[in-house]
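Reviewing the structure listed below.
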Amino acid sequence: MHMRRTGAVLSIAAMAAGLAACGGGEQTYATVADKITGGGTVVVGTKWDQPSLGLKMGNEPEGFDVDVAKAVLKEVNGGKDVKIEWKESASSNREPFLQNGTVDIIFATYSITEERKGKVTFGGPYVIAHQDVMVRKDDTSINSPQDLKGKKICKASGSNSYKRITDPPPDGQLDIDATTVDAANYSECVQKLTGSNLDAVTTDDLILAGFAKQAGGNFKVLGQGFTNEKYGIGLKKGDTKTCEAVNKAVATLWSNGTMKTLLDKWFGGIQGLKLSETAPPAEGCA
C-alpha cells in the first residue's frame, strides 16, 4: 500500500510538472512570433533618451521607434493589440539584452551592419537614415563633414557613428583626423555640445533632428548625409520565424501608408531632413 501510494504521488507530481511546462504557470514560447500570437507580454527594447524616436515620458517611452514597434507587433498579431513591456535598451547593451533574454525584440535606431549580423538576426530595415552632423547654431567653422578635421566629436558608448568619421573603409567612411570625446549616450553628447565640450555630434540624421527639434533652435543639422543607415528590428540570433513575420508586417505598413504617416508625425517639416519615401528592401533573415 505504501509503495503504491508513493508511486501515485510521484505520478501526480510528474503530471503537474508536465502541465507547467506546457502552459501552466509561466508560459514559454519557441519564438517571439509565437509569443505575440499566443497572447504573451512582449518585452520591447527602445531608447529612452532620444527625442522623436524613443524618449521616456511618464511610464512609457514615445517616438517614431515606439510607434513602429506597436504597429509591427499589431500587424504580426493579425491586427490585434499586443501586450507590451517597454525596456530601455541603450546602444551599449542591445546585443547582450537579446542574447540573455532581457528583451524579446528591439526597435532602437539599430543600424544593420555586417558585424552585428554575426550576433543578431535582423528584421527590416523599416527605414533608412543617413549619418549627418549637428553643430551649435552660431558655429560657422563646420559646414560639411570634412570640416571635422581637428575638431572634437562625440563617441557614444556602443555606437559606431564616430568610426564613419575617423576610420577608413570598410568599417569607417571619411578617415578624418578628429578627436573623440567619450559619452554614455547621445543625450550626454548633446549636453556636452551645449556646454562647448564638443564641436559636433555626428550620427543618424533622424537622431540629430529629434535633438535639434527639442533644443528649440540652439543647434543646426548640416543636411549632408553621407551614409545609409538601415534601421533594423533586433531579434535573438536564429529567430528566423519572427524575422520573416516582421518583414511581412513592415512591407504592409509601407504599402498602406502607415510608415509615411509616422515619419511625418515625428519628423515632418524639419529643415534639411530628407525622409524615406519608399520601403527599403528587406535584408533577409540570416
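Each row is one residue, and each column tells you yes or no for (1) open to solvent by less than 60 Å² (accessible area, probe 1.4 Å); (2) under 22 Å from residue 247 (Cα atoms).
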residue	(1), (2)
81	no, yes
90	yes, no
101	yes, yes
111	yes, yes
Legend entry - Selection within region 151-172 - open to solvent by 60 Å² or more (accessible area, probe 1.4 Å), in a strand (DSSP E or B) and within 27 Å of residue 97 (Cβ to Cβ): 155
Legend entry - Among residues of region 255-286, those that are touching a residue at least 60 places away in the same chain (Cβ under 8 Å), within 17 Å of residue 70 (Cα to Cα) and surrounded by 16 or more Cβ atoms within 10 Å (Cβ to Cβ), counted: 5
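Please work out if residue 165 is among the β-branched types (Val, Ile, Thr), touching a Leu at 6+ places or on another chain (Cβ under 9 Å) and over 28 Å from residue 93 (Cα atoms).
Numbers: among the β-branched types (Val, Ile, Thr): yes; touching a Leu at 6+ places or on another chain (Cβ under 9 Å): yes; over 28 Å from residue 93 (Cα atoms): no.
Against the criterion (among the β-branched types (Val, Ile, Thr), touching a Leu at 6+ places or on another chain (Cβ under 9 Å) and over 28 Å from residue 93 (Cα atoms)), residue 165 does not qualify.
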Legend entry - Condition broken by residue 212, with the remaining ones in (1) of a type in the set (Gly, Ala, Ser); (2) closer than 30 Å to residue 37 by Cβ; (3) not in a loop (DSSP other than H, G, I, E, B) satisfied: (2)
Inset, instruction - For residue 201, indicate whether it is within 27 Å of residue 157 (Cβ to Cβ), of a type in the set (Val, Ile, Thr), crowded, with 21+ Cβ neighbours inside 10 Å and touching a residue at least 40 places away in the same chain (Cβ under 8 Å). - result: yes
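State whether one or more residues within region 181-192 are crowded, with 24+ Cβ neighbours inside 10 Å and not β-branched (Val, Ile, Thr).
First pass over region 181-192, keeping only residues crowded, with 24+ Cβ neighbours inside 10 Å: 186, 189-190.
From what is left, the residues that are not β-branched (Val, Ile, Thr) are 186, 189.
Checked region 181-192: at least one residue is crowded, with 24+ Cβ neighbours inside 10 Å and not β-branched (Val, Ile, Thr).
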Inset, instruction - Could you please find all residues in region 113-150 being open to solvent by less than 30 Å² (accessible area, probe 1.4 Å) and assigned to a loop (DSSP other than H, G, I, E, B)? - result: 113, 139, 142, 144
Inset, instruction - May I ask you to list the residues in region 75-122 that are of a type in the set (A, V, I, L, M) and out of contact with any Pro (no Cβ under 8 Å at 6 or more places or on another chain)? - result: 76, 82, 84, 90, 98, 103, 105, 106, 108, 120
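The values are calculated or read from the model by the stated rules, or taken from the named source; none is laboratory data. These numbers were taken from a predicted model, which means no experiment stands behind them. All Cβ positions, even for glycine, are placed from backbone atoms using ideal geometry, and neighbour counts span all protein chains on display. Areas reflect the complete protein model, heavy atoms only, side chains present, ligands, DNA and RNA absent. Shrake-Rupley method; radii C 1.70, N 1.55, O 1.52, S 1.80 Å.
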